[in-house]
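What follows is a set of notes on a single structure, which appears directly below.
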Amino acid sequence: MDLGIAGRRAAVAASSAGLGFAAARALADDGVQVAICGRDADRLAAAAERIDGAVAIAADVSTPEGATAFVEQATEALGGLDILVPNAGGPPAGNFTATAFELYRPALEQNLLSTVAMCTAAVPGLRAQGWGRIIAITSVSVRQPMDNLILSNTARAGVTSFLKTLATEIAPDGVTVNSVQPGTHATDRMRQLNSGSDDFSRVAAGIPVRQVGRPEDFGAVVAFLCSDQARFVTGAALQVDGGAYRGLQ
């Protein structure tokens, strides 16, 4: 399927690995000019070599300042911006009892305020040109909070509310805003939460499709939501989790 986005320009945050990388490569495969970022220079360079025409920008989007700088540098490098994919690594694991109050602020900066900052930097230009796509990578924990991930659950619920509000406000300007909520995918983050193991069989047993997700399939969903065919989809929060979430809403 021709997604109608060849020649568009995208900034994909936290994209040197994992789901961010998968989203960036899926967009590039559909002809989008992509700017990627990461904190580790070697891993960023290696990622850029695997994505056709990618622009690599060293940036730490875990703070609002770093997130803003990434969007500004990507816009300059690409000569403009059409697509923004806000994303950031997850905060430390822990439950309420084990999580100190002081850890909430950096978690909110990393997984809520960084997205607000990226949108603040990108939205004026998207509105002015009358076309734009914002697809944020969040988590299925927004619908069903995950045990031992209280920081992520809290921050990502907040960013989902922000995105829904933003979607309504800027829809008349030709800019759609959606989020994609991954379940368990075979990424470094999931390996970390799985005690460093690549064996996801126990986790897969609890997923209706009986397997964990492939990052490239997740990337394809992000690319579709950026497409011309998805122009009537905005304000959506789509779970991509193999059916793990069982609720009706």
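Looking at the range 127-206, the helices (runs of 4 or more DSSP H) lying wholly inside it that each contain 2 or more residues that are in contact with a Ser or Thr (Cβ under 6 Å, 6 or more places away or on another chain) and within 19 Å of D241 (Cβ to Cβ) sit at 150-170. Listed by first and then second residue, the pairs linking a residue in the range 70-83 that is under 15 Å from G7 (Cα atoms) to a residue that is surrounded by fewer than 17 Cβ atoms within 10 Å (Cβ to Cβ) and at pLDDT 95 or above, with Cβ atoms under 8 Å apart and 6 or more places separating them unless they lie on different chains, are T75/G125; G80/G125; G80/Q129; L81/G125; D82/Q129; D82/W131. Restricting the range 90-121 to residues that are touching a Ser or Thr at 6+ places or on another chain (Cβ under 7 Å) and not in a helix (DSSP H, G or I), the residue that is modelled with the lowest pLDDT is G90. Between V209, V233, V177, V203, the distinction of being under 22 Å from F21 (Cα atoms) and among the hydrophobic types (A, V, I, L, M, F, W, C) belongs to V177 only. Filter the range 208-226 down to residues that are in a loop (DSSP other than H, G, I, E, B), surrounded by 17 or more Cβ atoms within 10 Å (Cβ to Cβ) and at pLDDT 85 or above, then give me how many there are. Qualifying residue count for the region: 1.
Listed here are the residues, each with its yes/no results for (1) within 15 Å of the chain's Cα centre (by Cα); (2) of a type in the set (G, A, S).
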{"residue": "M1", "(1), (2)": "no, no"}
{"residue": "R39", "(1), (2)": "no, no"}
{"residue": "A46", "(1), (2)": "no, yes"}
{"residue": "D60", "(1), (2)": "yes, no"}
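When the residues of the range 103-147 are filtered to those that are free of Cβ contacts under 8 Å to residues at least 60 places away in the same chain and hydroxyl-bearing (S, T, Y), the one that is surrounded by the most Cβ atoms within 10 Å (Cβ to Cβ) is T115.
The values are calculated or read from the model by the stated rules, or taken from the named source; none is laboratory data. Note that the structure is predicted; figures quoted are calculated from it, not measured. Virtual Cβ from ideal backbone geometry, glycine too; neighbours counted across all protein chains shown.
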